[in-house]
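Every read-out reported here was derived from the displayed coordinates using simple, explicitly stated rules and does not represent laboratory data. Keep in mind that this is a model prediction, so the values were computed, not measured. Cβ placement follows ideal geometry from the backbone for every residue including glycine, while neighbour counts extend to all protein chains displayed.
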Amino acid sequence: MKRRSALTLLSQSGLTVFTTLALTGCGFKLRGNQDFPFTKIAITPNPGGALAQELRRSFGSAVHVLTPGEPLTSAQVVLDILSEQHEKAVVGVNSSGQVREFQLRIRVKFRIRTRPDDELMPVSEILQQRDISFNESAVLAKEAEEAMLYRNMQTDIVQQLLRRLEKVNAARP
């Protein structure tokens, strides 16, 4: 019995070592902490929608996000969220014309600039979309699924914005 458990443990640890080596060999690397080239940022409009609020929370302690009372001139970088649109389009119907599938989209237009209006990144757009099936007998469940998909898309957009802000060429303080 002891020999069998020792062999099982040995094979599991061998599998762990093999997996680690395989992932390391293919170039896989954890994302790690982000290093922003600025220490103060303003996000407009302030407070803005749900996306802007999630973005503010995502910076952590490395970057100070200006509050509504602080002057915009104290920011090194300004992220202008120009528009945030939630869209829902029908993409599939059955033979009797009833909706069977929707496509959910979040479209965000933004620009990144310094406080004296030097553009670091011109007006850009990020689009996230997900397909969702629809069943009229499970309307409440589908509404909850739709809300969850919108939240996931919003989180993806926030992560994309953070990666773009990390690469921006702002002068270090």
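What FRET efficiency comes out for the pair Arg105/Thr44, r = Cβ-Cβ distance, R0 = 22 Å, nearest 0.05? Working shown, then result.
Details: r = 23 Å, r/R0 = 1.05.
Rounded to the nearest 0.05, the efficiency is 0.45.
Can you check what the net charge comes to around Asp80, using other residues whose Cβ is under 11 Å from the Cβ of Asp80 (Lys, Arg +1; Asp, Glu -1)?
Values: positive: Lys109, Arg111, Arg113; negative: Asp117, Glu119.
Residues near Asp80 contribute +1 overall.
Mind checking which of Phe36, His86, Leu162 is farthest towards the positive end of region 31-166's charge dipole, using Cβ charges of +1 (Lys, Arg) and -1 (Asp, Glu) about the Cα centre?
Toward the positive end, the furthest listed residue is Phe36.
On a full-extension model of 0.36 nm per residue, what is the gain between Gln34 and Ile132, subtracting their alpha-carbon distance, rounded to one decimal in nm? It would help to have the intermediate numbers written out before the result.
Numbers: separation 98, 0.36 × 98 = 35.28 nm, distance 3.27 nm.
Contour length minus the Cα-Cα distance gives 32.0 nm.
Taking Cα atoms of region 31-166, Rg/Rh with Kirkwood Rh, to two decimals? Could you put the intermediate results ahead of the total?
On the way: Rg = 18.1 Å, Rh = 16.6 Å.
Dividing the radius of gyration by the Kirkwood radius yields 1.09.
To the nearest 20 debye, what is the magnitude of the charge dipole of region 47-164 about its Cα centre, counting +1 on the Cβ of each Lys and Arg and -1 on the Cβ of each Asp and Glu? Intermediate results must be reported in sequence, preceding the final value.
Numbers: 15 positive and 16 negative charges, 38 e Å.
The dipole magnitude comes to about 180 debye.
5 Å is the cut-off here: which amide hydrogens, built 1.01 Å from N in the peptide plane, fall below it relative to Phe59, excluding neighbours closer than 5 in sequence?
Close amide H contacts, sequence-distant or interchain: none at all.
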